[in-house]
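The values are calculated or read from the model by the stated rules, or taken from the named source; none is laboratory data. From a predicted model like this one, the values you see are computed outputs, not experimental measurements. We place every Cβ from the backbone using ideal geometry, glycine too, and count neighbours over all the protein chains shown. Accessible surface is based on the protein model in full, side chains and every heavy atom, while ligands, DNA and RNA are left aside. Shrake-Rupley method; radii C 1.70, N 1.55, O 1.52, S 1.80 Å.
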Amino acid sequence: ESTMPVSRHTGQIPESTWTLTFREMTEPWKGAVGCLGVAIFFAMTIGIISWQAMEQSPEEWVLRGRDAGMLWERDRGALVLRALPAGRPVLAITVGSVPATEPPPPRDRCWHDGGQFCYSWEEDAELRLSLEPPAAPGTECYDVRWTPLRPDMTLKDCFSMANVSWYGGPSIRAQRWPLNSAKSPAQPLVSGNLGTNPNGFGPVLERYFLGSTGVTVTVAPEVPLLLSLENHSQFCLETPVGQAEPLHYQLCVSADVAAARRHTASAPHLMRNFPPCRSPIWQYHGPEGSAAKIKRGLRSLVRRLKRHRLQEGVVALGERGTTILAAVDLVPSERRKRQAPVLVEPLELSITLSPYAGVTSPLFLRSLQGGKAAGYWLSRQPRPRGSSIPLLTTWKGQLCARLNVTNTAALGWYLARARRLRQTLGATYVTFEGIEGNSFLEQDVSAPAELAGDSYTEVLTVALATLGNGTIISAGTRSSHLPLFVQMSPQCSDWSHAGLKGLIPSVLHYSLLGYSFFIPDAVGGSMAGVTQGDPELFVRWLQIVTFLPVMAFGTPPWLCCDAWVLNLTRQCIQRHRDFVVPLLLKYSEEWQSLGYPIFRPAWWLSPTDPVAFTIEDEFLIGDEVLVAPITEKGQTWRDIYLPGKGHLWLDTNTARVFDGGTTLRNYSASLAEVPVFVK
C-alpha cells in the first residue's frame with residue numbers, strides 16, 4: 001500500500017512557523033541574530049564603498065581646454081598636464097606645499113567659470129588655475145597661481161624629469177644639456193658670478209624652462225623665487241620662507257619641443273642689425289705695473305701677432321690695465337688725446353670696466369668730494385635720522401663699493417666716464433664685467449624694492465645698450481632683445497663639463513634663451529684645470545670656437561704649441577671669416593624677424609625623436625650646418641647623430657652624403673679634422 005507524498009510550498013517560509021520559532025528563542029539567541037544583521041549591513045556598505053574606490057580613476061579632470069587639460073592625480077598629490085585628444089602626458093607637477101591626502105574636488109569656488117578652477121586648502125594655500133588666451137597659434141596656456149593663507153607658508157611645486165628632458169633656466173659652472181643631470185640645492189634664482197660662487201647660478205639666466213614634451217614653464221618676474229635641481233628626478237620652484245608671497249607661473253603646451261620654442265620667440269626683435277664683433281680677440285696678459293709698461297706690452301703683443309701673420313682682430317685689455325691707463329690718460333691734455341690709437345694698430349682695442357670702485361681708489365674718493373655723490377653707490381637702508389652707509393662688497397679681492405644704478409645722476413656720470421675713456425684710449429669695444437648678481441642678497445641684507453632679484457642687472461644693461469655697438473656685457477637676464485654681446489663665463493682648462501665638455505651645452509643654453517651673440521671663453525680655457533697647457537685640448541677647443549660668433553685667445557698658439565698648431569690656428573681664423581661669419585649674418589636676420597636661436601640643438605630638426613633630446617656634443621648653425629666636434633681626450637672617432645628624417649647631409653671633409661634621422665657609428669675625425677655637415 002503506497003502512501004501519498006505530503007505537498008509543501010517551498011517558496012515561502014510559513015509565517016506562523018517563523019513567528020512561533022522566534023517567540024520560542026531565548027533572549028541571547030535574539031541578540032545574536034540582531035548582531036548578525038548589523039554585521040551584514042556594515043559588510044555590504046564597506047563592499048560598496050570599496051567597489052566605488054576601485055572603480056574610481058586615480059586622476060580627475062580639474063580644467064580642460066581645447067588642446068590639453070589639467071588633472072589631479074590622487075596617489076601623489078600632483079597636477080598632471082595632458083595633451084588632447086589622445087591624452088599624451090606632457091608634465092607632472094608634484095605639489096609640495098599642501099597635504100596630498102586631500103585631493104580637490106572637480107569644482108569648487110570657480111564652478112561658474114569653465115575657464116578657471118579654484119580650490120582652497122584651509123589654513124594653507126589657495127590654488128587658482130586659469131585657461132589663458134593663446135599666445136600663438138597651436139599653443140595653449142594655463143596660468144597657475146598659489147596664494148599662501150598663513151605667513152609661514154612655503155609654496156613649492158616640483159616638475160618631474162621622468163620622460164621629460166628640460167632646458168633653460170640658469171647657467172651653471174659645469175653646464176649640462178639637458179638640465180636633468182645637474183644638481184643644485186634650493187637657492188635664489190638670481191644671476192651670479194661663477195668665479196666667486198661656483199656652486200651658485202651663473203650670469204645668464206631666465207625664468208623660462210622648456211620641456212622635451214613641448215611644454216614651457218615661465219615664472220612671473222616679480223615673484224621671489226628659489227630653484228633646486230635634483231638630478232634625474234625633478235626641479236622645484238618655491239617661495240622664500242616667511243615672505244608669504246604667491247607662487248605664480250604660466251604653463252604652455254605645443255605640439256613638440258621645437259614648436260614650443262618657436263612659439264616663445266614669436267615676437268620679433270625690432271632693432272638694428274648686429275654687426276659681428278671683430279674676430280679674433282687676443283687677451284693681453286703682459287706687464288701691468290705702470291701705464292708705460294702696459295703700452296710697451298701692447299705694442300710687443302702686436303709685433304708678435306704680425307710676425308706670426310695673425311695681425312687681425314682685437315686686443316683686449318683687462319680691468320686692471322684699463323684702470324692704470326685711465327689714471328694717466330684722463331688727465332686733461334690735448335697732447336695725450338690722440339696718442340692711444342697707435343697702441344695696437346692695425347688691430348682694434350677693447351677696454352674693460354666694472355660697476356665697482358675700490359674704497360681707496362681715486363675714482364671712489366673723487367666721487368665723494370663735496371658730498372654731491374652721496375647716492376652714487378649702493379647703500380644700506382639708513383635708520384631714521386641716520387645717514388646712508390655704502391654697502392661694501394669684494395670684487396677681485398678688493399673691498400669695493402658698487403654703482404647705484406637707480407640714481408639717475410650716478411648712472412649718467414658712469415656712462416659719460418665710459419664714453420670719455422673709450423674715446424681717449426681709442427677703444428672700439430668696451431667690456432663691462434661684474435654686472436651680474438644682487439649685492440644685497442649676497443650679504444643677506446634687505447634690498448630696496450626697485451633692486452629685488454635681478455633688477456640691478458636689468459637696469460644697468462638697458463643703460464649700457466645706449467653706448468651703441470661695441471658694448472660687451474658679462475651677464476644676461478631679460479635683455480636678449482638688446483644689441484649687446486655677452487661674454488661667456490670663464491671655463492677650466494680641462495676636458496670636464498667645467499671645461500671643454502661644457503662649451504657646447506653653454507652655447508646651446510645661451511642661444512636657447514635668446515643670447516646668440518656671445519663671446520666664448522679663451523681657447524683652452526682661462527681657469528686653471530688639471531690638463532693646463534695640453535696641445536690636444538687647445539686644438540679641440542679651437543675647432544669648436546671656429547664655428548661660434550667670435551674666436552678668443554688667452555694664450556697665443558706660439559706659446560702653447562708647435563708650428564703645426566700655429567698653422568691650424570691661421571686656417572681656423574680664415575674659415576671663421578669666410579664660412580661662419582656669412583652664416584651668422586644670414587641667421588641673425590631670422591633671429592631678428594622670428595626670434596629663433598642661431599645655434600640650435602639636434603632636436604630643432606628632430607623634435608619628436610627621443611635620441612635628439614640628450615645630445616650635448618653637437619650643434620646646428622641655423623638649419624643647414626651641423627658641427628660635431630670631438631670632446632673626449634685621445635679620441636679620433638665618435639658617433640654622430642644626423643637630425644631631420646628625410647634630409648640629406650654632406651660631409652664637408654669627405655663629400656660623402658648621409659640620410660638624416662640616423663646615427664653614424666665610430667665616425668673618423670683625426671686631430672686635424674672637425675666633422676662638419678651641410679644639409
When restricted to Thr569, Thr546, the only residue more than 25 Å from the chain's Cα centre (by Cα) and open to solvent by less than 20 Å² (accessible area, probe 1.4 Å) is Thr569
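Let's see how each residue does on (1) out of contact with any Ser or Thr (no Cβ under 6 Å at 6 or more places or on another chain); (2) modelled with pLDDT of 95 or more; (3) not aromatic (Phe, Trp, Tyr):
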{"position": "Leu585", "(1), (2), (3)": "yes, no, yes"}
{"position": "Ser588", "(1), (2), (3)": "yes, no, yes"}
{"position": "Phe599", "(1), (2), (3)": "no, yes, no"}
{"position": "Leu605", "(1), (2), (3)": "yes, yes, yes"}
{"position": "Phe613", "(1), (2), (3)": "no, yes, no"}
{"position": "Leu620", "(1), (2), (3)": "yes, yes, yes"}
{"position": "Leu642", "(1), (2), (3)": "no, yes, yes"}
{"position": "Ala655", "(1), (2), (3)": "yes, yes, yes"}
{"position": "Gly661", "(1), (2), (3)": "yes, yes, yes"}
Taking the range 594-641 and keeping residues among the aromatic types (Phe, Trp, Tyr) and over 19 Å from the mean Cα position of the chain (by Cα) leaves Trp637, Tyr641
Checked the range 176-192 for anything in a loop (DSSP other than H, G, I, E, B) and open to solvent by 50 Å² or more (accessible area, probe 1.4 Å); matches are Arg176, Lys183
Among Ser493, Ser479, Ser516, Ser511, the single one that is modelled with pLDDT of 95 or more and either under 23 Å from Tyr414 (Cα atoms) or crowded, with 18+ Cβ neighbours inside 10 Å (or both) is Ser511
Scanning the range 409-468 for residues that are touching a Ser or Thr at 6+ places or on another chain (Cβ under 6 Å), surrounded by 14 or more Cβ atoms within 10 Å (Cβ to Cβ), of a type outside the set (A, V, I, L, M) and not in a loop (DSSP other than H, G, I, E, B) gives Tyr429, Thr431, Ser439, Thr457, Thr461
Free of Cβ contacts under 8 Å to residues at least 40 places away in the same chain, within 29 Å of Glu73 (Cα to Cα) and open to solvent by 10 Å² or more (accessible area, probe 1.4 Å) - does that describe any residue in the range 142-163? yes
Selection from the range 224-260 of residues buried (at least 18 other Cβ atoms within 10 Å of the Cβ), among the small types (Gly, Ala, Ser) and either out of contact with any Pro (no Cβ under 8 Å at 6 or more places or on another chain) or part of a strand (DSSP E or B) (or both) yields Ser254, Ala260
Scanning the range 534-565 residue by residue, those in a loop (DSSP other than H, G, I, E, B) and either touching a Cys at 6+ places or on another chain (Cβ under 6 Å) or within 27 Å of Val678 (Cβ to Cβ) (or both) turn out to be Thr546, Phe547, Leu548, Pro549, Val550, Met551
(request) Answer with yes or no whether Pro332 is surrounded by fewer than 17 Cβ atoms within 10 Å (Cβ to Cβ), out of contact with any Lys or Arg (no Cβ under 8 Å at 6 or more places or on another chain) and either modelled with pLDDT under 95 or not aromatic (Phe, Trp, Tyr) (or both). (result) yes
Here the qualifying pairs (Cβ atoms under 7 Å; residues six or more apart or on different chains; first in the range 306-333 and more than 30 Å from Arg575 (Cβ to Cβ); second open to solvent by 40 Å² or more (accessible area, probe 1.4 Å) and at pLDDT below 90) come out as Ala327/Pro362; Asp329/Arg336
Of the residues in the range 207-225, those that are within 18 Å of Gly138 (Cα to Cα) and small (Gly, Ala, Ser) come to Gly211, Ser212, Gly214
Of those in the range 632-645 that are touching a residue at least 40 places away in the same chain (Cβ under 8 Å), surrounded by fewer than 21 Cβ atoms within 10 Å (Cβ to Cβ) and not acidic (Asp, Glu), the residue nearest to Ser496 (Cα to Cα) is Lys633
